[in-house]
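All remarks here apply to the structure that follows.
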Amino acid sequence: MAATISNRKRRAKREALLVYLYQLIYNVEIESDINHAPSIETSDAAKSIIQAKEILTKKIQTIVFNWESLHVIEQLILIIGAYEILNTRESNPVFTINECIMLSKKYGSQDGYKLVNKVLDKFRLEIASPL
């Protein structure tokens, strides 16, 4: 039971981060269940991701060649997932990928979750893991 609550909290944090990043980067409101100011943790994570966005995007582009044609939500989800895979040791990368898939199913394009799964798994195996 405790694991389920922890997973829900982690999912809610990722969702809040996605919504907040979208609003910061694109200066557009997104329809969401999240109607409150971001937590300090979400705000700090968003700042870190924005600072690393260019580097993360370049790394992801070694896997996805049609980056510009991706839906902006999938782009942000891939950036969040890549950031977490590289910088968060507290959770298993497979769980991070699964959470990103769930975000894509909720906010992304119809089949975007398939791309998110494929790209982040390849990222985890090829870029994030040591040689």
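The values are calculated or read from the model by the stated rules, or taken from the named source; none is laboratory data. Here the structure is a predicted model, which means the values were calculated and not measured. Counting neighbours? That spans all protein chains shown, and the Cβs are built from the backbone with ideal geometry, glycine included.
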- request: Restricting attention to the stretch 33-53, report how many residues are at pLDDT 75 or above and either farther than 16 Å from residue 82 by Cβ or part of a loop (DSSP other than H, G, I, E, B) (or both).
  value: 7
Candidate set: the stretch 10-32, residues that are loosely packed, with under 10 Cβ neighbours inside 10 Å and either assigned to a helix (DSSP H, G or I) or touching a helix residue (DSSP H, G or I) at 6+ places or on another chain (Cβ under 8 Å) (or both); chosen: the one modelled with the lowest pLDDT: 29
- request: Return the pairs, sorted by first residue and then second, in which the second residue is at pLDDT 85 or above and in a helix (DSSP H, G or I), the first residue lies in the stretch 1-22 and is over 21 Å from residue 46 (Cβ atoms), the beta carbons are less than 9 Å apart, and the residues are 6+ apart or on different chains.
  value: 7/95; 7/99
task: Could you tell me whether any residue of the stretch 91-100 is farther than 21 Å from residue 20 by Cα, β-branched (Val, Ile, Thr) and modelled with pLDDT under 95?
output: yes
